[in-house]
1. Could you check the stretch 69-81 and list, in sequence order, the residues that are closer than 20 Å to LEU169 by Cβ and either surrounded by fewer than 24 Cβ atoms within 10 Å (Cβ to Cβ) or in contact with a Lys or Arg (Cβ under 6 Å, 6 or more places away or on another chain) (or both)?
2. Mind listing whichever residues of the stretch 58-68 are surrounded by fewer than 20 Cβ atoms within 10 Å (Cβ to Cβ), touching a helix residue (DSSP H, G or I) at 6+ places or on another chain (Cβ under 6 Å) and assigned to a helix (DSSP H, G or I)?
3. Take HIS107 and tell me if it is touching a helix residue (DSSP H, G or I) at 6+ places or on another chain (Cβ under 8 Å) and farther than 15 Å from ARG180 by Cα.
4. Applying the selection to the stretch 78-109, what residues are in a helix (DSSP H, G or I) and modelled with pLDDT of 95 or more?
5. Is it the case that ARG180 is of a type outside the set (Gly, Ala, Ser) and over 27 Å from GLY104 (Cβ atoms)?
6. Could you list, in sequence order, all residues of the stretch 217-228 that are out of contact with any Lys or Arg (no Cβ under 6 Å at 6 or more places or on another chain) and assigned to a loop (DSSP other than H, G, I, E, B)?
7. Would you say ALA17 is buried (at least 22 other Cβ atoms within 10 Å of the Cβ) and touching a strand residue (DSSP E or B) at 6+ places or on another chain (Cβ under 8 Å)?
Amino acid sequence: MRIAVAGATGNIGARTAAALERDGHEVVRISRALGVDLVTGEGLDAALAGVAAVVDAISPPVLDRDETVAYLGAATRNLLAAGERAGVRHHVLLSIAGMDRIAGNAHYAGKCEQERLVAAGPLPWTIVPATQFHDFAEMVVGWTEHDGAALVPPLLLQPIAPDDVAAILAELVVGGARGRHPDIAGPEAQDLVDMARRTLAVRGRTVKLRPTWDGPFGPAAAGNVLLPGEGARIAPTTFDEWLAQQQV
């Protein structure tokens, strides 16, 4: 099957493209770095020629709320419209579990706009809400690190390995549209501060972690808000197993 992966140079998109190719599919990689601009639509019709299905794993640059909604909204509209012109039979969107329960997060607002457009759009669709990835703690440290210290919210998560996310997307895109798929998550709940501490140790880095709600997530994200919902699909790779693969 000829399958396009939007965001193919990103963390999940690159892994999904590789998983599909291992399964024998022809993959069309879509990203600005490869000459296709989803926000303007430049190069998109040519990229989707002959494509049967699309995986959307794009991630926006760091923007404010309105800019993020506009960015992801434009990219999604263009991808859906070009998909309709190309005769795409299945559009799969990677989304975020629990994000509708948190107000004020710019990235989550943009993903909600994507979900709305896909559900109302012209193509058969599947939305796959994933919990945060095993490398999320390291990402948060990168957002807030300054002078050897980083602000890390004490989030309760059930993180999932990026390779497991990619494998599930590669599996689902070749099947029929399912509407909203159950949340996908890793096998164990974790504390984000502890995840950050353990990841930094594996990386051989020393950063003073300051648990606080004053960083990128506020108290609205406390408790079980970001845990997967009932009936979630549980992927196999634990955080410990993923950490062992990161040893330097």
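The values are calculated or read from the model by the stated rules, or taken from the named source; none is laboratory data. Predicted model, so just to flag it, every value in this text is computed and none were measured. For neighbour counting, all protein chains shown are included, and Cβ atoms are generated from backbone atoms with ideal geometry for every residue, glycine included.
1. Selection gives LEU80 alone.
2. Correct list: ARG65 only.
3. Yes, satisfied.
4. Once the filter is applied, which keeps residues that are in a helix (DSSP H, G or I) and modelled with pLDDT of 95 or more, the stretch 78-109 yields ASN78, LEU79, LEU80, ALA81, ALA82, GLY83, GLU84, ARG85, ALA86.
5. No, not satisfied.
6. PHE217, GLY218, ALA222, GLY223, ASN224, LEU226, LEU227, PRO228
7. yes
Per-residue answers, yes or no, for (1) under 21 Å from TYR108 (Cβ atoms); (2) touching a Cys at 6+ places or on another chain (Cβ under 7 Å); (3) at pLDDT below 95; (4) surrounded by 15 or more Cβ atoms within 10 Å (Cβ to Cβ):
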site: PRO187; (1), (2), (3), (4): no, no, no, yes
site: GLY215; (1), (2), (3), (4): yes, no, yes, yes
site: ALA220; (1), (2), (3), (4): yes, no, yes, no
site: ASN224; (1), (2), (3), (4): yes, no, yes, no
